[in-house]
Amino acid sequence: MSGDTVRTIRFALNGRAVAPTVSTNLVAADLLRDQESMKGLKIGCDQAVCGACTILVDGSPTAACATFSFMLDGTDVRTIEGLSDQGALHPVQQAFRNNSAFQCGYCTPGMIMLAVALLERHPNPSRAEIIEWMSANICRCTGYKMIIEAVEAAAQAVGELS
Amino acid sequence: MSVATPLRVIGSAAPRTDADAKITGAARYTVDIDLPRMLHARTLRSPHPHARLTSVNASRARQYPGVHAVVTRNHLEGLNPTYGYFIKDQPIVAIDKVRYIGDPVAAVAAETERAAVEALALIDVKYEVLPTVGTIAEAMDKQAPDLFESEPMGIVPAYGQGASAEKFPAKNNFYQFRYRTGDAATFAEADHVFEDEFHFSRLQHYHLEPFVAVAAWDHDSLEVWSSCQNPFPLRKELARVFNHPEQNIRVHVPLIGAGYGAKNNCKAEPIAVLLARLSGRPVRHCMTHEENFLTQSQHAAILRLKTGVKADGTFVARQSHILLDSGAYSDASPLVAEKAGYRIPGPYRWRHIDTVCDCIMTNTTPAGPFRGFGGTQTSWASESQIDMIARRLDINPYDIRKQNFLALGEPFVPGESGMDSDLHVGLDIVAEEIGYHKSNRAEGRGIGLAVGFKDSGGVNKPATVQVKATTTGGLIINCGTTEIGQGVTTAFTRIVAEIFNCPVERVRYAPIDTDITPFDQGTNASSALVVMGQALEIASRECLDQVMVFASEQLDCPVADLVLDDWVIKRGDEIHPLQLLIMGYYGGTGFEFVGRGFFKPSTDHRAPLESQCVSWEIGWGAAEVEVDPETGRVDLLKLVVSGDAGRAIHPDVCRGQDEGAAVMAIGQSLFEGMRYRGAVLENIRAVDYRVPLARDLPIQFTSITQEQGHGPGPFGSKGMGEAGILPVASAIANAIEDACGARITSLPITPEKVLSALDNLKGPDET
């Protein structure tokens, strides 16, 4: 089998230092799900189109299905599992909960991480900016409107916190 | 919109019961099942749309490092290796022929998915390529090759008054359904007879959790975890295919990452089960995104309608011929044909109906159940034609619908149940919301209405359920309805909490395990509330009765003197915690009260489908568009959809069903669809197949949940998960004609089609 060179990488996973040993062709989605037990990360299309596998790498939304594990070396990685702070939900999670902005829930971790990245860059986005940003990911269930409203509600909550 | 009295939990805006799991990443799906020693399966699929298998040699693959089992046609001995709903025609792996690109030929179980993929390349298959049929027209041609040289085993179920069916009625035809009522001579009473043809496109379901199953054998016991909408029919089919006793097959269904109809019956399961048996290890079979496209799709269709009307717009008679593109295997096509054939009249009064629906085989992905289940196809054609007829007769399309609607309670056809929604109410709501009656339309803009229609509750579905009450007032629902995103765990825990007059937090929805869960036919046909919901209400009330009778015996008074409130019995000012009463009588270790519920519509030969439809699902829609005459571009400015929840158990869940279904329909209306070139699917890759994104929503997009209160489900509720997809395409097409005079009769409505229709309006001299 080619491409099986093994190396150890170091990165922060939800604030905790990890140093997994990975083959060079291992994708981040498999590393995080299978070796780091981050099962909240979901693989949908596996082609960086649907966004179900969205994680934050140094704050940037990233398709974990199309990212090699070695690319995580030295980065700060966040998944849905690291979002709540000692049991307190992140405002985006709270808004998705209150607005029922999910149905089957399979796209939800990716949608929430995408929205978190938006609000970290633009704490006060317009509705048009929210729609454009959230158009990076696919939800086949909800029809998006309740997701857009949840992100608006989260932005307002973040604004009130800061 | 609510007219009903407030209840304790029903109608509350509190979050869904599955919210915390789904927003924290704790929710677990079949893709997350990870067993010790589990192998991974991959499937070798046919590169040819139609070919005879001359040889399959897997000996090199079997030797590949990490490979533990390889399945080919040589491993089917002792099995009933084909499956299907009415017709058992689809093999686990190809036996004599392959019939579409993607037809499974062999499968490998290996230590890793990668090893399995690499081993597939070592399987040597020789094909004798055969002529292909890619379309309905090609398949029906006298010279066309036959997909099946001999007829597979199948059945035709009993039908009632006016309905009949035949399997393999003609070349490359799986099944023909026919429904007739009234006399064909009635057409003579019509002042006008209009014949129109409509074409319906084909979506892929695009559920983000792929088809996935895990199978494990322990001696004679088979255990399966599956992302499956109907665990009990799946268990039955696996028992038949593998000649294995049903009691030794146990199916678990975790949360489902959506299905929209696709995840009924065998999909990923048979290959997982067979590889697990051959390897002696648990096997996970998780398909890729492309494999989803090669496993199931919606039915493309050609619909020909002949409709007779009086000069004043009164409907008289309708004949129709529907051709469904069923793909290479029958799957649920005969069932979809029943429903498409049956629903083509729409919610209107006719004196004669004669409808035929055929399931045509083509060398393409097998088509199966898809949200709307034939009703989407028929609503597209019928609601388009009704608008066309109104315009031809110079009658307002709103008026012609109102003039011909079935009344609340009026039977759909002779022997059938009555409408359980007031059709006028819904149409007035969407017409008002979109401003239909305002006289001035801006240049290039138009408004269209449509009323999508289907029955809900399936045909003759039995449902059983159990509700248990523990010593401390915990309530446990054992129910086979799967949580596929529709919110059934939220709805059912609320119904039980309401009946027991307690907070919803007291109620648990137990995981589905066919060893323990009472029987259910499946989570489909918008049947959860109207079929299982009725059983759930019976089970809850039976359990509650036991509790109240017990309390009355302990307190030595009539039940009528007692009130249950959050597991405390109140008698006037007295308070008696039930826990103490129970432990006082049954001992300190406590007890459980158990209620069981059963519901099934009665068998009824006067009803065309052998039992009356439980409920009717109506999707009212209104669209406003702007058409650019230079480019043919259609801008969907405003979309209004409205469904009738009967009673909204959870208002946000109802809203989400309507909006999600409507957005699926926006894609189908304007751009989405599987594109075949001959028998080759061109846009199979995720980057090529476009589904609606947030930016595709109309700027004004409104859903209005009606609560008309006439539903047969608990508290007057009805199913509404499919209604929103039904009216959108025809409402848009009707709006386009209103805007520019051009009529589009095929989906999706692309700018090319609009331009071409506009050119045809101008006539040959002006183009």
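Computed values, structure above
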quantity: Unmet criterion (only one of (1) crowded, with 24+ Cβ neighbours inside 10 Å; (2) more than 10 Å from every other protein chain (Cβ to nearest Cβ)) for A:ARG140; calculated: (2)
quantity: Qualifying positions in the range B:17-35 - open to solvent by 10 Å² or more (accessible area, probe 1.4 Å) and outside any helix (DSSP H, G or I); calculated: B:THR17, B:ASP18, B:ALA26, B:ARG28, B:ILE33, B:ASP34, B:LEU35
quantity: Subset of the range B:648-687 (residues that are more than 10 Å from chain A (Cβ to nearest Cβ), assigned to a loop (DSSP other than H, G, I, E, B) and closer than 22 Å to B:ALA367 by Cα); calculated: B:PHE671, B:GLU672, B:GLY673, B:MET674, B:ARG675, B:GLY678, B:ALA679, B:GLU682, B:ASN683, B:ILE684
quantity: Members of the range A:21-38 found to be buried (at least 17 other Cβ atoms within 10 Å of the Cβ) and closer than 25 Å to B:ARG28 by Cα, listed by number; calculated: A:LEU26, A:VAL27, A:ALA28, A:ALA29, A:ASP30, A:LEU31, A:LEU32, A:ARG33, A:GLU36, A:MET38
quantity: Subset of the range B:575-634 (residues that are without any contact (Cβ under 8 Å) to a residue 40 or more places away in the chain and within 30 Å of B:ALA528 (Cα to Cα)); calculated: B:SER602
quantity: Residue list for the range B:166-224, filter: among the small types (Gly, Ala, Ser), without any contact (Cβ under 8 Å) to a residue 60 or more places away in the chain and touching a helix residue (DSSP H, G or I) at 6+ places or on another chain (Cβ under 9 Å); calculated: B:SER221
quantity: Conditions (1) open to solvent by 60 Å² or more (accessible area, probe 1.4 Å); (2) closer than 21 Å to A:THR8 by Cα: number failed by A:ASP85; calculated: (2)
quantity: Residue count, the range A:100-135 (criterion: under 14 Å from A:GLN156 (Cα atoms) and within 7 Å of chain B (Cβ to nearest Cβ)); calculated: 0
quantity: Whichever residue in the range B:249-261 is closer than 19 Å to B:ILE516 by Cβ and not hydrophobic (A, V, I, L, M, F, W, C) and, among such residues, is most open to solvent (accessible area, probe 1.4 Å); calculated: B:ARG250
quantity: Enumerated strands (runs of 3 or more DSSP E) restricted to the range B:185-248, each holding at least 1 residues that are under 18 Å from B:LEU274 (Cα atoms), open to solvent by 10 Å² or more (accessible area, probe 1.4 Å) and in contact with a strand residue (DSSP E or B) (Cβ under 9 Å, 6 or more places away or on another chain); calculated: B:212-218, B:221-226
quantity: Residue match in the range B:270-284 (condition: surrounded by 24 or more Cβ atoms within 10 Å (Cβ to Cβ) and within 14 Å of chain A (Cβ to nearest Cβ)); calculated: yes
quantity: B:GLY458 being within 14 Å of another protein chain (Cβ to nearest Cβ), under 20 Å from the mean Cα position of the chain (by Cα) and either of a type in the set (Gly, Ala, Ser) or open to solvent by 10 Å² or more (accessible area, probe 1.4 Å) (or both); calculated: no
quantity: Residue check, B:LEU335 in contact (Cβ under 8 Å) with a residue 40 or more places away in the chain, part of a helix (DSSP H, G or I) and not assigned by TED's automatic domain parsing to the domain that holds B:PRO104; calculated: yes
quantity: Subset of the range B:226-253 (residues that are touching a Lys or Arg at 6+ places or on another chain (Cβ under 9 Å) and within 14 Å of chain A (Cβ to nearest Cβ)); calculated: B:SER227, B:CYS228, B:GLN229
quantity: Members of the range B:482-518 that are touching a Pro at 6+ places or on another chain (Cβ under 8 Å) and either within 18 Å of B:ARG28 (Cβ to Cβ) or in a loop (DSSP other than H, G, I, E, B) (or both); calculated: B:THR482, B:PRO511, B:ILE512, B:THR514, B:THR517
quantity: Selected residue [touching a helix residue (DSSP H, G or I) at 6+ places or on another chain (Cβ under 7 Å) and either of a type in the set (A, V, I, L, M) or touching a residue at least 60 places away in the same chain (Cβ under 8 Å) (or both)] from B:ALA109, B:ALA121, B:ALA116; calculated: B:ALA109
quantity: Enumeration of residues in the range B:593-623 that are within 29 Å of B:ILE499 (Cα to Cα), open to solvent by less than 70 Å² (accessible area, probe 1.4 Å) and over 23 Å from the mean Cα position of the chain (by Cα); calculated: B:PHE593, B:VAL594, B:GLY595, B:GLY597
quantity: Matching option when the condition is in the same structural domain as B:TYR676 (by TED's automatic domain parsing), crowded, with 24+ Cβ neighbours inside 10 Å and over 18 Å from B:VAL459 (Cα atoms), among B:SER330, B:SER326, B:SER384; calculated: B:SER384
quantity: When residues of the range B:45-104 are limited to those that are closer than 22 Å to B:PHE293 by Cβ and of a type in the set (Lys, Arg), the one most open to solvent (accessible area, probe 1.4 Å); calculated: B:ARG45
quantity: Selection count where residues are buried (at least 24 other Cβ atoms within 10 Å of the Cβ) and either without any contact (Cβ under 8 Å) to a residue 24 or more places away in the chain or in contact with a Gly (Cβ under 8 Å, 6 or more places away or on another chain) (or both), scope the range B:668-680; calculated: 0
quantity: Filtered residue count, the range B:706-746, keeping only those that are polar (S, T, N, Q) and not in a loop (DSSP other than H, G, I, E, B); calculated: 4
quantity: Checking A:ALA101 against (1) closer than 21 Å to A:LEU32 by Cβ; (2) open to solvent by less than 10 Å² (accessible area, probe 1.4 Å), the condition it does not meet; calculated: (1)
quantity: Residue in the range B:568-575 that is crowded, with 16+ Cβ neighbours inside 10 Å and under 20 Å from B:ASN478 (Cβ atoms) present; calculated: no
quantity: Residues of the range A:61-81 classified as open to solvent by less than 30 Å² (accessible area, probe 1.4 Å) and touching a residue at least 60 places away in the same chain (Cβ under 8 Å), total; calculated: 5
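Matching residues to (1) on the phi > 0 side of the Ramachandran plot; (2) among the acidic types (Asp, Glu):
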| residue | (1), (2) |
| --- | --- |
| B:GLU166 | no, yes |
| B:LYS171 | no, no |
| B:GLU195 | no, yes |
| B:GLN204 | no, no |
| B:GLU209 | no, yes |
| B:ALA216 | no, no |
| B:HIS219 | yes, no |
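The rows are residues; the columns are (1) assigned to a strand (DSSP E or B); (2) not small (Gly, Ala, Ser).
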residue	(1), (2)
B:HIS48	no, yes
B:LEU53	yes, yes
B:VAL56	yes, yes
B:ARG60	no, yes
B:ALA69	yes, no
B:GLY78	no, no
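The values are calculated or read from the model by the stated rules, or taken from the named source; none is laboratory data. What you are looking at is a predicted structure, and each value in this text was computed from that prediction instead of being measured. In this analysis, Cβ positions are derived from the backbone assuming ideal geometry, glycine residues included, and neighbour counts consider all displayed protein chains. To get the accessible areas, we keep the full protein, side chains included, count just its heavy atoms, and leave off ligands, DNA and RNA. Shrake-Rupley method; radii C 1.70, N 1.55, O 1.52, S 1.80 Å.
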